[in-house]
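First up is the structure itself, then whatever we jot down about it.
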Amino acid sequence: KIELIIDDEGPGIPEHLRLKVFDHFYRIPGSKSEGIGIGLSIVKKISDLHKAELVIDSATEQTGTRVIVRFPKA
């Protein structure tokens, strides 16, 4: 497998919203970050096209988000 792992040091994504962030133009209520909410929906679309697994988890126990894209073997 090939894995792409991205960690950030932001406020994290609450577990109950982790699937919602893949919706077009969805922004977490109270989010202070810039953007219009399409980044993760694009990642989801590309992952689906490549039949990759897409996982959102906590980057650390305290803060941040980890996004993992696992591509299947060719």
For the chain, whose charge dipole is built from +1 on Lys and Arg Cβ atoms and -1 on Asp and Glu Cβ atoms, the candidate among Ser47, Gly35, Ile6 with its Cα farthest towards the positive end is Ser47
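Considering the convex hull of the alpha carbon atoms of the stretch 16-74, report its projected area averaged over all viewing directions, in nm², one decimal.
For the stretch 16-74, averaging the hull's shadow over all directions gives 4.8 nm².
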Expected unfolding gain across Asp57-Tyr26 under the 0.36 nm per residue rule, minus the alpha-carbon gap, is 9.4 nm
With a 1.4 angstrom probe the carbon and sulfur portion of accessible area for the chain, in percent, totals 57
In degrees, nearest 10, the alpha-carbon axis of helix 39-49 is tilted away from the dominant principal axis of the alpha carbons of the chain by 20
With every protein chain kept in place and a 1.4 Å probe, the chain has an accessible area per residue in Å² of 77
Summing -39500 (n - 2.57) over every DSSP H run of at least 4 in the chain, dividing by its residue total and rounding to the nearest 500, the 222 nm mean residue ellipticity is -4500 deg cm²/dmol
Heavy-atom accessible area of Arg27, protein chains in place, probe 1.4 angstrom, given in Å² to nearest 10, is 80
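The values are calculated or read from the model by the stated rules, or taken from the named source; none is laboratory data. Since this is a predicted model, take the numbers as computed values, not measurements. Note: ideal-geometry Cβ built from the backbone for every residue, glycine included; neighbour counts use all protein chains shown. For accessibility, only protein heavy atoms count, side chains too; no ligands or nucleic acids. Shrake-Rupley method; radii C 1.70, N 1.55, O 1.52, S 1.80 Å.
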